Structures are given as structure tokens and as C-alpha cells.
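Below is one structure, written out as C-alpha cells; the observations come after it.
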Amino acid sequence: LPLSLQFWSHQSIEDRIAGCYDGAFLEISNDNGANWTQVPDGRLLVGPYDGPISTSFNNSARGKQAWCGDPRDWSRTIVDLGAYAGQSIRFRFRMTTDASTGRVPDGFYLDDVLVQTCAVAGDVIFVNGFDGAVLP
């Protein structure tokens, strides 16, 4: 990938059939945090959202796609950031809940958050122009 966000998450979030009651999701801002937009599921190359947050029970993010593993042990997510190359951006992870009573321990835990880019810098391995030979 030319530019990506990678992280590991551990989740214990109330789910439902084909979606979430409570949920976590990723937002991005390219105007220093004045406005935030949800990173769409199509940008999640590994670890897509589990489904929409229920429109019942007064969750402030109702209808948004979200993660809601109940529970989900540490798993990796890779986000394609190619559309934001060359821009200054901010990320925020949000978790929202509905009006019902939750369970303990509930939550969305993050670790090993990494923004990474890969680039080919020319022939840096063979600085003096050495070419490998094919052996019989």
C-alpha cells in the first residue's frame, strides 16, 4: 500500500444480528479537526465494520457503520489512506452507546497504531551497480 493506517483492536461491544447496538468507528479530518467524516467501509482493507448501529434506543451515531465485536480478541485493521496523500490529517476513534445498560468490561481498546508508507528509493541495495548472477 502506498499509504495506510494500521492498528490492532480488542472489542467487547454490544452487537445485534446484522449490526450493532453500540459501536466504534474511525473518523478523519483534513481541516485541523473543524469537521470530521467517517472513514467508509470501502477504505478498510482488513477488518471491515460489522454493520450499522441500530436506529432504536437513542444511540447518537445511529445508522453509521461500526465495529461491534462481542467479544473480539485482538485483530488487525488496515485502512487505505491513499486519497489523503500529501494532506495534513487527523484521526479519531469514536465509540457510542445506546440508552440501555451495558456490560462490564465493555470497550474498544487500541494498540500498535501506525501510519505507514512504502516507497521504492532506487537501487539502494546494489549501490555500486552490482548485478546478481543467475546460478545453474
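Quick notes
- Answer from LEU5, LEU44 - the residue that is open to solvent by less than 60 Å² (accessible area, probe 1.4 Å), under 24 Å from ALA85 (Cβ atoms), hydrophobic (A, V, I, L, M, F, W, C) and free of Cβ contacts under 8 Å to residues at least 60 places away in the same chain: LEU44
- Residue list for the stretch 65-83, filter: open to solvent by less than 50 Å² (accessible area, probe 1.4 Å) and outside any loop (DSSP other than H, G, I, E, B): ALA66, TRP67, SER75, THR77, ILE78, VAL79, ASP80, GLY82
- The residue of the stretch 8-25 that is surrounded by the most Cβ atoms within 10 Å (Cβ to Cβ), among those that are hydrophobic (A, V, I, L, M, F, W, C) and in a strand (DSSP E or B), is CYS20.
- All positions within the stretch 47-64 that are open to solvent by 70 Å² or more (accessible area, probe 1.4 Å) and of a type in the set (S, T, N, Q): THR55, ASN58, SER60
- Only listed residue being at pLDDT below 95, under 18 Å from PRO52 (Cα atoms) and surrounded by fewer than 17 Cβ atoms within 10 Å (Cβ to Cβ), chosen from SER100, SER88: SER100
The values are calculated or read from the model by the stated rules, or taken from the named source; none is laboratory data. It should be emphasised that the depicted structure is a prediction, and the values quoted were computed from it without experimental measurement. Cβ: placed from backbone, ideal geometry, glycine included. Neighbour counts: every protein chain shown. These area figures cover heavy atoms from the full protein model, side chains too; ligands, DNA and RNA do not enter into them. Shrake-Rupley method; radii C 1.70, N 1.55, O 1.52, S 1.80 Å.
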